[in-house]
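Below: one structure, written as structure tokens.
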Amino acid sequence: MSGDVLKAVALRYPPEADAPYITSSAKGFLAEKLISIAQEHKVPIVQNREMVDVLSIQRVGDIIPEETYTVIAGIFAFVARMEKTKDGKREY
């Protein structure tokens, strides 16, 4: 990353929710810590610079912007497929 500040955003999509929402957002050192904690707890991590740029300007607790639904749905589907093939169905 040539001079860019590292950003990280965590999402959650409980079954009863209308859409995923932002549970955490961080930049720089705190983004490194967020990623480290996710790794320690085996939370799937997906790198997508465009999405993190859009989501990092939202507030924690906000539902993701409607214009990101298609991309985020693809990410959640990818993670679900990976988890299913790795160790059976797993809920996040």
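Okay, here's what the table says:
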read-out	value
J(HN,Hα) series, the range 11-19, from Karplus relation 6.51 cos²θ - 1.76 cosθ + 1.60, nearest Hz, glycine and proline x	10, 9, 9, x, x, 7, 7, 6, 7
Largest-first ordering by accessible area, 1.4 Å probe, given options Asp18, Asp53, Asp62	Asp18, Asp53, Asp62
Gyration tensor over alpha-carbon atoms, the range 1-90, equivalent ellipsoid semi-axes in Å	21, 17, 12
Under 17 Å from Lys42, Cα to Cα: aspartates and glutamates that are on another chain or at least 8 residues apart	Glu32, Glu83, Asp87, Glu91
Per residue accessible area in Å² of the chain, where ligands, DNA and RNA are left out and the probe is 1.4 Å	73 Å²
Listed residues Lys42, Lys33 arranged by accessible area, highest first, probe 1.4 Å	Lys42, Lys33
Using a Förster distance of 22 Å, the FRET efficiency for Ala17-Met82 (Cβ separation, nearest 0.05)	0.55
Pairwise centroid distance, computed over Cα atoms, of the range 44-58 with the range 27-43, Å	14 Å
Rounded to the nearest 20 debye, dipole of the chain from Cβ charges on Lys, Arg, Asp, Glu	360 debye
Potential lengthening between Ala73 and Glu40 on full extension [0.36 nm per residue; Cα-Cα distance subtracted]	9.4 nm
Lys/Arg +1, Asp/Glu -1 at C-beta; the chain dipole; positive extreme among Val43, Phe78, Ile22	Val43
Heavy-atom accessible surface of the chain: percent carbon and sulfur, 1.4 Å	54 percent
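The values are calculated or read from the model by the stated rules, or taken from the named source; none is laboratory data. Here the structure is a predicted model, which is why all the values come from computation and not from measurement. All Cβ positions, glycine included, derive from the backbone under ideal geometry; neighbour counts span all protein chains shown. Accessible surface is based on the protein model in full, side chains and every heavy atom, while ligands, DNA and RNA are left aside. Shrake-Rupley method; radii C 1.70, N 1.55, O 1.52, S 1.80 Å.
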